[in-house]
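Pasting a structure here, questions to come.
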Amino acid sequence: MNTAGTAPPRLYAPREPIFPRRVAGTFRTLKWWLLGILLAIYYVVPWIRWDRGEFLPDQGVLIDLAHRRFFFFWIEIWPHEFYFVGGLLIMAGLGLFLFTSIFGRVWCGYACPQTIWTDLFILVERMIEGDRNRRIRLWNGPMTLRKARLRLTKWTVWLAISVATGGAWIFYFADAPTLLVDFVTLSASPIAYTTVGILTATTFVFGGFLREQVCTYMCPWPRIQSAMMDEHSLTVTYRTWRGEPRGRHRKARVQETLGDCIDCHACVNVCPVGIDIRDGHQIECIGCALCIDACDDIMARIGKPRGLIDYMTLADERLQAEQSHLKDLARRLFRPRVALYTVLWSGMGLALLVALFLRPAIEFSISPVRSPLYVTLTDGSIRNSYELRIKNRHGEDAIFKVGLAEGSPFALRLEGSDDSTTVVQADQTGLRRMYVIAPPGSDEAAGGQFDIEVWIEDVGASTRGAKRTTFHGSGT
Amino acid sequence: MKRSRPARDSAPPEPEYTGHEWDGIREYNNPMPRWWLWTLYASIIWGIAYTIAYPAWPLLTRATQGVLDYSSRAELAKSIKEFEDRNSALDLALLETDLTAVHLDADLLDYALRGGAAVYRAHCSQCHGAGASGTVGYPNLLDDDWLWGGSLDDIYYTVAHGIRSDADEDTRFSQMPAYDGFLEPDQIDSVVHYVLALSGQEHNPELSESGAEIYAENCAVCHGETGLGNRDEGGPRLTDPIWLYGGSEDAIRETIRYSRFSVMPNWRGRLSESHIRQVAIYVHQLGGGE
């Protein structure tokens, strides 16, 4: 090994501060709308009420961990139906694959919470400290009373947003109005305060200070996405063949020798991750499309067509440079993997829908007690016991009646009930002991195994279900 | 992704090197961001603080206790206490409610059944079996045949005071004499056949006929004139197909000659009053409760 040089290399790199300039345009407008809608969904949804009856919560969307119930408006999911959540997660994953293979990092650029809240924080920063140039001046300038005041104001607003963000999260897990009162009067559970504290801190730090570093250093998604994109995926790219050689256009000069890029750095100045898109495709780029807006604005002003920086596939960029013939964009984007992702994604969705609509009207299970298989009674009859679990998914207590098919040689009895009916409490699984009895001296009493069918009726809703189980005679 | 780029005005700056070189291969200096480094230091400090706060460093006989004085055993005791406190209202209600009225309160019944099941598994299943179906010498608790009665109060009394338990004056007590030597072997044989006849099994009519008189003189006091048993005396019913020590000819002969009985401990004093009530309620609803 050869150690050249005397100064030891630095072990850390300080962050280069980024001051994105304000930009207006198609994509910025679209992103403002998305930001508004997504934030509104996040903050408002827990406050939507939904009547489910006396004994069930009236919150539209509620993840009730204590009682192991998940409510989504008219759908209620019990723990044994967790596959719905699993299916939705698989759909979310496949959806990301699908969108990435077509539109590139559209998730990062438009919908990722990190992007949304960073956008919001930069908006606040700009409203308080001014646009790019003023912010740079303020940053480089000495610490004055004004600088301290502006910074403190900014941090306060950020903190307020962060508390609201962390605060909104917990409302998904408990009755929102009750929890808000408890929270404010300091009588909520410590878990609530810890959760809000952690989320407030992460929102404040991630949105205010770490920003693009979260995407570049912490998030695995950019790395995964590089593996999922190919040269036929849409991405924000610079038309090198059109822009180069770049240079300042001067009226006196002959413009033919220069490309369309006037090297005005508008695309660099608006970039929230601080890169130069003209350097080509980079892992830092979150595909936010703000440089497209910035460049389109400049192109309009110098009288050139828009789209020097644009959404396109890398393959197209090359073909355009060679002036080759291009197929229709939709056909170029439609590749076998897109078809595969679409089929998998919609197949999963269909399967979930079918599973949702095929949920049985009455859910119950019968498990024979096997220790002992049968009991002999004083009159010589043979009795089998079964554990009967009935799920009452109504918002109120419900009566269930069980019985055997007509003409069955067996008798059926429910422990603690004279008429084979039982009341199961609202939103609970009732566990009851059920007996099936073969009369003394009958073939069934002395025989081996018999298949029997037990029906159950939800008396209030008049719905019925049936299940088969086994009876063991004393000959087993 | 390879792409051709035209020459540009300014070439990118030469990357920094660490100065390390192996066979002409030089190492780039790609430093970590500062906050990343801080995270590392913070983790180290956290790690050290953790070993001070919690039991960690091994010593000769035990590990350092840690300034927070944490112990998982104490945590367990604490959470047991916490649950007992939480259940105290239910326990009190269970003591104040008549046993036959517990089923009217769904929450109380649920508590009693869950508690009773736990008590049963811990203290009763050794003899009566995990499924409560008993075995030879240990009664089956699922059927409708009871030696001392199957009402809630009867079961409660049996659990509290036990059967033939020396330690409890109020224990249930019965004793069948051993008839070996007291009756002649042929007399015993005829009683055996009389009992077989009572329970509807195959028997020798001649023997059972002669056994009827001996039965009436010696057995009817406890087992009843028609063999229906006597719960006050703990005399088993002989007319049904349920046998504590077996209903075959040999098993009945063995019982008459040498007599058999087993002991159930009194649980009052061993279990809390609430637990005794819970297990009584639990056993009562196993299928044979009266």
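Filter region A:127-154 for residues that are within 19 Å of residue A:21 (Cα to Cα) and either among the aromatic types (Phe, Trp, Tyr) or open to solvent by less than 40 Å² (accessible area, probe 1.4 Å) (or both) and give the result. Full working, then the answer.
Quick first cut of region A:127-154, residues within 19 Å of residue A:21 (Cα to Cα) only: A:127-141, A:150-151, A:154.
Scanning region A:127-154 gives A:129, A:130, A:135, A:138, A:139, A:141, A:150, A:154.
Separate question: Kindly indicate the residue of region B:225-272 that is at positive phi and more than 14 Å from every other protein chain (Cβ to nearest Cβ) and also nearest to the chain's Cα centre (by Cα) among those meeting that condition. Explain how you work it out, then say what you get.
Quick first cut of region B:225-272, residues at positive phi only: B:227, B:229, B:234, B:246, B:259, B:269.
Remaining after also requiring more than 14 Å from every other protein chain (Cβ to nearest Cβ): B:234, B:259, B:269.
On the way: B:234: 26, B:259: 31, B:269: 18 Å.
Of everything passing the filter in region B:225-272, B:269 is nearest to the chain's Cα centre (by Cα).
Answer yes or no as to whether residue A:22 is more than 14 Å from chain B (Cβ to nearest Cβ), more than 30 Å from residue A:288 (Cα to Cα) and either part of a helix (DSSP H, G or I) or not aromatic (Phe, Trp, Tyr) (or both).
Numbers: more than 14 Å from chain B (Cβ to nearest Cβ): yes; more than 30 Å from residue A:288 (Cα to Cα): no; either part of a helix (DSSP H, G or I) or not aromatic (Phe, Trp, Tyr) (or both): yes.
No, not satisfied.
Can you pull out the residues in region B:18-70 that are in a strand (DSSP E or B) and either more than 8 Å from chain A (Cβ to nearest Cβ) or within 20 Å of residue A:213 (Cβ to Cβ) (or both)?
Our first condition is that a residue be in a strand (DSSP E or B); within region B:18-70, this holds for B:18-22, B:25-28, B:32-33, B:58, B:63.
Once the filter is applied, which keeps residues that are in a strand (DSSP E or B) and either more than 8 Å from chain A (Cβ to nearest Cβ) or within 20 Å of residue A:213 (Cβ to Cβ) (or both), region B:18-70 yields B:25, B:26, B:27, B:28, B:32, B:33, B:58, B:63.
Right, another one. What single numbered condition from (1) at pLDDT 90 or above; (2) buried (at least 19 other Cβ atoms within 10 Å of the Cβ) fails to hold for residue A:123?
Failed condition: (2).
If you scan region A:300-339, which residues turn out to be open to solvent by 80 Å² or more (accessible area, probe 1.4 Å) and outside any helix (DSSP H, G or I)? Break it down stepwise before answering.
We begin by selecting, within region A:300-339, every residue open to solvent by 80 Å² or more (accessible area, probe 1.4 Å); these are A:301, A:305-306, A:318, A:322-323, A:325, A:327-328, A:331, A:334, A:336.
Within region A:300-339, A:305, A:306, A:322, A:323, A:325, A:327, A:328, A:334 qualify.
Moving on to the next point. I need a count of the residues in region A:299-315 that are at pLDDT below 90, over 12 Å from residue A:240 (Cα atoms) and touching a strand residue (DSSP E or B) at 6+ places or on another chain (Cβ under 8 Å).
Total satisfying the criteria: 2.
Further, regarding this structure: Just one of the numbered conditions (1) hydroxyl-bearing (Ser, Thr, Tyr); (2) under 19 Å from residue B:261 (Cα atoms); (3) open to solvent by less than 20 Å² (accessible area, probe 1.4 Å) is not true of residue B:133; which one?
(3) is the only condition that residue B:133 fails.
Considering only residues that are of a type in the set (S, T, N, Q) and not in a loop (DSSP other than H, G, I, E, B), look in region B:71-88 and name the one that is surrounded by the most Cβ atoms within 10 Å (Cβ to Cβ). First the steps, then the outcome.
Just the residues of region B:71-88 that are of a type in the set (S, T, N, Q), to begin with: B:71-72, B:79, B:87-88.
Those left that are additionally not in a loop (DSSP other than H, G, I, E, B): B:72, B:79, B:87-88.
On the way: B:72: 8, B:79: 10, B:87: 14, B:88: 11.
Step by step, filter region B:71-88, then rank; the result is B:87.
Something else now. Counting just the residues of region A:374-421 that are away from chain B (no Cβ under 11 Å) and among the polar types (S, T, N, Q), which one comes out nearest to residue A:70 (Cα to Cα)?
Here the residue is A:392.
How many residues, within region B:1-58, are open to solvent by 100 Å² or more (accessible area, probe 1.4 Å) and at pLDDT below 80?
Matching residues across region B:1-58 total 7.
Being within 13 Å of chain A (Cβ to nearest Cβ) and small (Gly, Ala, Ser) is the filter; apply it to region B:121-147 and report the residue that is nearest to residue A:380 (Cα to Cα).
Going through the qualifying residues, I end up with B:133.
To continue, here is another question. Only residues that are open to solvent by 20 Å² or more (accessible area, probe 1.4 Å) and in a helix (DSSP H, G or I): list them for region B:89-102, please.
Hits for region B:89-102 are B:89, B:90, B:91, B:92, B:93, B:95, B:96, B:100, B:101.
In region A:437-452, what residues are away from chain B (no Cβ under 12 Å) and either in a strand (DSSP E or B) or of a type in the set (D, E, K, R) (or both)?
A:438, A:443, A:444, A:449, A:450, A:451, A:452
Criterion first (under 33 Å from the mean Cα position of the chain (by Cα), modelled with pLDDT under 95, open to solvent by less than 20 Å² (accessible area, probe 1.4 Å) and more than 14 Å from every other protein chain (Cβ to nearest Cβ)) does residue A:364 satisfy it? Quick ask: steps written out before the conclusion?
Values: under 33 Å from the mean Cα position of the chain (by Cα): yes; modelled with pLDDT under 95: yes; open to solvent by less than 20 Å² (accessible area, probe 1.4 Å): yes; more than 14 Å from every other protein chain (Cβ to nearest Cβ): yes.
When the stated conditions are applied, residue A:364 passes them.
Does residue A:69 fit the bill of being within 23 Å of the chain's Cα centre (by Cα) and basic (Lys, Arg)? Reasoning before the result, please.
Details: within 23 Å of the chain's Cα centre (by Cα): yes; basic (Lys, Arg): yes.
So residue A:69 passes the test.
Moving to a separate point now. Six or more apart or on different chains, Cβ under 6 Å: which pairs go from a residue in region A:388-417 that's within 20 Å of residue B:113 (Cβ to Cβ) to one that's among the basic types (Lys, Arg)? Could you list them?
Once the first residue is within 20 Å of residue B:113 (Cβ to Cβ) and sits in region A:388-417, its partners that are among the basic types (Lys, Arg) give A:388/A:432; A:414/A:432; A:415/A:433.
Collect the residues in region A:121-162 that are over 34 Å from the mean Cα position of the chain (by Cα) and among the aromatic types (Phe, Trp, Tyr), keeping them in residue-number order.
The one that is over 34 Å from the mean Cα position of the chain (by Cα) and among the aromatic types (Phe, Trp, Tyr): A:139.
Residue A:464 is checked against (1) at pLDDT 90 or above; (2) in a loop (DSSP other than H, G, I, E, B); (3) away from chain B (no Cβ under 11 Å) and fails just one. What number does that condition carry?
It fails just one condition, (2).
May I pose another question? Which of the residues spanning region A:157-192 are under 19 Å from residue A:57 (Cβ atoms), touching a residue at least 40 places away in the same chain (Cβ under 8 Å) and aromatic (Phe, Trp, Tyr)?
A:171, A:172, A:173, listed by residue number.
Please indicate, with yes or no, whether at least one residue in region A:425-436 is more than 49 Å from the chain's Cα centre (by Cα), of a type outside the set (D, E, K, R), surrounded by 17 or more Cβ atoms within 10 Å (Cβ to Cβ) and in a strand (DSSP E or B).
The initial filter retains those residues of region A:425-436 that are more than 49 Å from the chain's Cα centre (by Cα), namely none.
No, there is no match, as no residue in region A:425-436 is more than 49 Å from the chain's Cα centre (by Cα), of a type outside the set (D, E, K, R), surrounded by 17 or more Cβ atoms within 10 Å (Cβ to Cβ) and in a strand (DSSP E or B).
Which one of A:267, A:288 is within 17 Å of residue A:229 (Cβ to Cβ) and either at pLDDT 85 or above or not in a helix (DSSP H, G or I) (or both)? Outline the logic, then answer.
Values: A:267 fails: within 17 Å of residue A:229 (Cβ to Cβ).
After ruling out the rest, the residue left standing is A:288.
Evaluate the following for residue A:316: is it acidic (Asp, Glu) and touching a helix residue (DSSP H, G or I) at 6+ places or on another chain (Cβ under 9 Å)?
When the stated conditions are applied, residue A:316 passes them.
Separate question: Output the number of residues of region B:104-120 satisfying the condition of being closer than 25 Å to residue A:376 by Cα and within 12 Å of chain A (Cβ to nearest Cβ). Reasoning before the result, please.
Restricting attention to region B:104-120, the residues satisfying the condition of being closer than 25 Å to residue A:376 by Cα are B:113, B:116-117, B:120.
This time we only want the ones that are within 12 Å of chain A (Cβ to nearest Cβ), so: B:113, B:117.
So the answer is 2.
Identify all residues within region B:241-263 that are closer than 18 Å to residue B:183 by Cβ and open to solvent by less than 30 Å² (accessible area, probe 1.4 Å); write none if there are none. Don't jump to the end; show me each part of the working.
Of all residues in region B:241-263, those closer than 18 Å to residue B:183 by Cβ come to B:249-260.
Passing the criteria: B:251, B:252, B:255, B:256, B:259.
Okay, residues lined up against (1) under 28 Å from residue B:288 (Cβ atoms); (2) open to solvent by 70 Å² or more (accessible area, probe 1.4 Å):
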| residue | (1), (2) |
| --- | --- |
| B:65 | no, no |
| B:104 | yes, yes |
| B:109 | yes, no |
| B:117 | yes, no |
| B:123 | yes, yes |
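Collect the residues in region A:107-121 that are farther than 10 Å from residue A:225 by Cβ and in a helix (DSSP H, G or I), keeping them in residue-number order. Break it down into steps so the answer makes sense when it comes.
Residues of region A:107-121 farther than 10 Å from residue A:225 by Cβ: A:109-121.
Result: A:109, A:110, A:111, A:113, A:114, A:115, A:116, A:117, A:118, A:119, A:120, A:121.
Still on this structure: Kindly indicate which of A:293, A:297 is touching a residue at least 24 places away in the same chain (Cβ under 8 Å) and either part of a loop (DSSP other than H, G, I, E, B) or closer than 20 Å to residue A:104 by Cα (or both).
Exactly one residue qualifies, and that residue is A:293.
The values are calculated or read from the model by the stated rules, or taken from the named source; none is laboratory data. Just so we're clear, the structure is a prediction, and the values are computed from it rather than from any experiment. Please note: Cβ atoms are built from the backbone with ideal geometry, for glycine as well, and neighbour counts cover all protein chains shown. We work out accessible area using only protein heavy atoms, side chains counted, and drop any ligands, DNA or RNA first. Shrake-Rupley method; radii C 1.70, N 1.55, O 1.52, S 1.80 Å.
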